[in-house]
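To start, the structure under review is shown below, and the notes come after it.
The values are calculated or read from the model by the stated rules, or taken from the named source; none is laboratory data. Remember, it's a predicted structure, so these values are computed and weren't measured experimentally. As a convention, Cβ positions derive from the backbone with ideal geometry for all residues, glycine included, and neighbour counts pool all protein chains shown.
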Amino acid sequence: MNKLSIGIILFSIATLGSCKNTTDTNAATVVNDQEIAEYSQKMNAWFEEQFQIELADSPMMQTYLGVKTKDYGSWDDISTQREVADLEKTKQRLSYLKDSVDVAKLNDETLLSYTLLKQDLENEIEDFEYRFYTYPVNQMHGMQAEIPAFLINMHRIADSTDAKAYISRLNKIEGLFNQLVENLKIREKNGILLPKFVYTKVLGDSKNIITGKPFDNSKEESTLLTDFRTKLETLKLDKQKEDAYLKEAKKALVSSVKPAYQKLIAMLEDQQQRATTDDGAWKFPKGEAFYNTALKRTTTTNMTAKEIHELGLKEVARIHSEMKDIMKQVDFKGTLQDFFKFMKEDKKFYYANTEEGKKAYLDEATALINTMKGRLDELFITKPKADIVVKAVEPFREKSAGKAFYQRGTPDGSRPGTYYANLYDMEAMPKYQMEALAYHEGIPGHHMQISIAQELEDIPKFRKFGGYTAYIEGWGLYNEYLPKEIGMYSDPYSDFGRLAMELWRACRLVVDTGIHAKKWTREQGIKYYTENTPNAESDAIKMVERHIVMPSQATAYKIGMNKILQLRKMSKEQLGEQFDIREFHDVVLTNGALPLNVLEQLVKDWIDTTLASNTKEEDA
């Protein structure tokens, strides 16, 4: 079972062969179809039971999925005691799968679920020794920003009960942060301290949350009070009742939220004095082993750090060559670096850093996604039912957050998926990258993959809501390229932007392994990006800092994209005129997220089935 938790999740690798279930016809007992169907149904009922146990233990996941229970006003338990209890549950589940399940009685789909879950559980047990090798507070997905973001974006208020649950969560932030502070202290005892640069960013986020009314005498309200007030006003309560709820919320903010953040700030300021500028995972106890494991989990391959580094260098060289072809198209005279400088500095490529400019960016991003919606039938059979919206990253976290990201909607569609664009620095969001970003985060990228997985009816929920980073991000990057094949990127500068985005991901292979395996400094990583890409220096800084706090994660994109393109090429070569890109995409999308080698096996099975089917038609 994928662990439902906050922070960086090291997704599972499944070193599997074919998941086809074949019964040994020479065996004494032959399993009939009815027995397989009944046994598989029982197995799927067990999968559902285990998922519901996990869901019941995670009030936050319930809210992510749009499920309201008695726990709507609570937070997850993030204590080390809970981690130990979770490990015991994991061991019990694995023991059941190994000792009590007869795999010969499972149909193919259920056998795939069984094999994926078994490997997930084995990996979770193996990874337990690295449970402290993460940064619970960081500039990317740290709890100091994610908790208020959760209240703002996830906690919906449809009635008075929901309003009370919001206030309850405010009151319980102090208890949650007490666990967080304890977890950070345990990490320090185990030799894990935040990198020095992270403290300034996390402290800034934390202080922003407790700024404004009712925390101080500012004219402006705090972010959380404004959110609660705005949601409360939609209920149209009588004035007396609304004022009573606002009074309770203000009390919770002052008596729980403020001391929670003050305690976190004090602890971080203390730790900051002992932090170092050694940024790579190599600095950890067992750092090399941890990073090698992280690469396996992220890429779902056995590629070494050296192999990934070399692949990155090769891809950078290839993309540079394609960029030079675009320079010829637009008749630019000079070197590639001169062209980078031109693309960075020419004002025509940027919206103004004003409210009007930011609105224009969001409007254009929405238009790009809407245009792409109208072309989906050319490429896809299965399409998501859920809608998508485009938003700017909220001011309280925009300074430290990433360039762009996707937030899944609810399975029932009550909350749409969201493409977040970070408009804090408009010079880091050039117009020529808008198409690629919108296709990656929105349609046909993350929104399609994640929404379709959630909407599937014939796979267990742990597969609907789980994930493998190389598959998810590989799909996103693949879909920056896919629209080009149907005539998008008609402007050569936008096509350059697409290549620039792919180049960025190729550089990630070089820099992530450089920092964590080759002991590159933060400055070396930033220099590599600024010398080899047209991106703003602020982009390079954020990216390198992301590498540092999320070891291996950024290697997933290019490796995943390359695998999908490789599988598509193989399919075209073997199927010839029988190849249908819509059917290929259905194979990729309608099984939920998968390890890359399992995806490869499913594609091979589809090729064999298609060839066999057409052979039968010819014989007939």
Point to revise | Residue list for the stretch 390-423, filter: out of contact with any helix residue (DSSP H, G or I) (no Cβ under 8 Å at 6 or more places or on another chain) and at pLDDT 90 or above | key: Val393, Pro416
Exercise for review: Go through (1) surrounded by fewer than 19 Cβ atoms within 10 Å (Cβ to Cβ); (2) at pLDDT 95 or above; (3) in contact with a Lys or Arg (Cβ under 9 Å, 6 or more places away or on another chain) and name the single condition Gln81 misses.
Suggested key: (3)
Practice item. Could you list, in sequence order, all residues of the stretch 312-366 that are surrounded by fewer than 15 Cβ atoms within 10 Å (Cβ to Cβ), without any contact (Cβ under 8 Å) to a residue 12 or more places away in the chain and part of a loop (DSSP other than H, G, I, E, B)? Key: Asp331, Lys333, Gly334, Thr335, Asp346, Thr354
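Being charged (D, E, K, R), closer than 24 Å to Ala453 by Cβ and surrounded by fewer than 18 Cβ atoms within 10 Å (Cβ to Cβ) narrows it down to one of Glu49, Glu129, so name that one.
Step by step, each of Glu49, Glu129 is checked, and only Glu49 is charged (D, E, K, R), closer than 24 Å to Ala453 by Cβ and surrounded by fewer than 18 Cβ atoms within 10 Å (Cβ to Cβ).
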Check your understanding: Is there a residue in the stretch 163-178 that is outside any helix (DSSP H, G or I), touching a Phe, Trp or Tyr at 6+ places or on another chain (Cβ under 6 Å) and buried (at least 20 other Cβ atoms within 10 Å of the Cβ)?
Key -> no
Point to revise | From Thr410, Thr382, Thr418, residue being among the β-branched types (Val, Ile, Thr), surrounded by 17 or more Cβ atoms within 10 Å (Cβ to Cβ) and over 28 Å from Asp539 (Cα atoms) | key: Thr410
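A quick yes/no check of all residues on (1) out of contact with any helix residue (DSSP H, G or I) (no Cβ under 6 Å at 6 or more places or on another chain); (2) in the same structural domain as Gln433 (by TED's automatic domain parsing):
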| residue | (1), (2) |
| --- | --- |
| Asp512 | no, yes |
| Glu523 | yes, yes |
| Tyr529 | no, yes |
| His547 | no, yes |
| Val587 | no, no |
Practice item. Filter the stretch 185-226 down to residues that are in a loop (DSSP other than H, G, I, E, B) and touching a residue at least 12 places away in the same chain (Cβ under 8 Å), then give me how many there are. Key: 11
Review point. In the stretch 93-110, is there at least one residue being within 26 Å of Gln553 (Cα to Cα) and assigned to a helix (DSSP H, G or I)?
Key: no
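When the stretch 174-204 is examined, which residues are found to be in contact with a Pro (Cβ under 9 Å, 6 or more places away or on another chain) and under 22 Å from Arg397 (Cβ atoms)?
Of everything in the stretch 174-204, those that are in contact with a Pro (Cβ under 9 Å, 6 or more places away or on another chain) and under 22 Å from Arg397 (Cβ atoms) turn out to be Glu174, Phe177, Leu180, Asn183, Leu184.
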Exercise for review: Select from the stretch 132-141 the residues that are among the hydrophobic types (A, V, I, L, M, F, W, C) and at pLDDT 95 or above and write down the one among them that is surrounded by the most Cβ atoms within 10 Å (Cβ to Cβ).
Suggested key: Val137
Check your understanding: Can you name the condition, by its number, that Lys464 falls short on among (1) modelled with pLDDT of 95 or more; (2) surrounded by fewer than 23 Cβ atoms within 10 Å (Cβ to Cβ)?
Key -> (1)
